[in-house]
Amino acid sequence: MTEEDYSDSYIEGLLASVKTVAIVGASPKNVRPSYFVVKYLISKGYEVFPVNPGHAGRDICGARTYGSLADIPDPIDMVDIFRSSEAALQITKDALELNPLPKIIWMQLTIRNEEAATLARKKNVQVVMNRCPKIEYARLSGEIGWAGVASRKISARKPKLAKGFQRYGLS
């Protein structure tokens, strides 16, 4: 499956199955895309574990930062890679050493590593490459389309608000 082949139902199913996300390469700088993803996923109810060895022990958006995946004390459902395509292989290998295994290895926009994807799939771990979970969540929940951005979904309906906070949620 290539990044062009991911169906909306596949992506939505993955995002709906996730409760914990490790973001490898998270930045404490509020102008960096990884910072926005950390903040957004927290706002949507995910438990986020930023991973950045240079900032271990400090907080990013109120979430404690860890030096490595192995340092995170809780099981991780998804590893979101905000590093280079070359670095994705070692990060995937590190993720596949976790017990329990994550459900998903997610490589951010422009990040593709077929060798890493093959290793993950051999362990029955789902893979997404060249996509952003923040963008996909917003698109699939209708948030992005309601704001006037092309979402590839046609609907005259206003998106449904999720329970609790006044925010959009997946169906």
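Only the coordinates and a few stated rules stand behind these numbers; no lab work does. Bear in mind that the values here come from a model prediction, so they are computed numbers and not experimental data. In this analysis, Cβ positions are derived from the backbone assuming ideal geometry, glycine residues included, and neighbour counts consider all displayed protein chains.
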Sum up the charges of everything whose Cβ sits under 11 Å from the Cβ of Phe36, counting Lys and Arg as +1 and Asp and Glu as -1, but leave Phe36 out. +4
Cβ-based net charge around Ala87, under 14 Å, with every Lys or Arg adding one and every Asp or Glu removing one: -1
Inter-label distance for Ser43 and Glu97, nm, one decimal - labels placed 7 Å from Cα along Cα-to-Cβ: 3.5 nm
Sum up the charges of everything whose Cβ sits under 11 Å from the Cβ of Val125, counting Lys and Arg as +1 and Asp and Glu as -1, but leave Val125 out. +3
5 Å binning of all Cα-Cα separations within region 8-135, expressed as whole percents from 0 upward: 2, 12, 25, 26, 22, 10, 2, 0
Quick one: grab the alpha carbon gyration tensor of region 20-72, order the square roots of its eigenvalues as a ≥ b ≥ c, and give me rounded if a/c is under 1.5, else prolate or oblate depending on whether a/b is larger than b/c. oblate
Rank these for me by crowding, Ser141, Ser7, going from fewest to most other beta carbons within 10 Å. Ser7, Ser141
For Leu109, Leu14, Leu89, what ranking results if the residue with the fewest other Cβ atoms within 10 Å of its Cβ goes first? Leu109, Leu89, Leu14
Inter-label distance, nm, simple model (7 Å from Cα along the C-beta direction), Lys123/Asp5: 2.3 nm
Ordered by fewest other Cβ atoms within 10 Å, a rough proxy for footprinting exposure, Phe36, Phe49 read Phe36, Phe49
Taking 0.36 nm per residue of separation between Asp71 and Arg32 and subtracting their Cα-Cα distance, the length gained on full extension comes to 11.7 nm
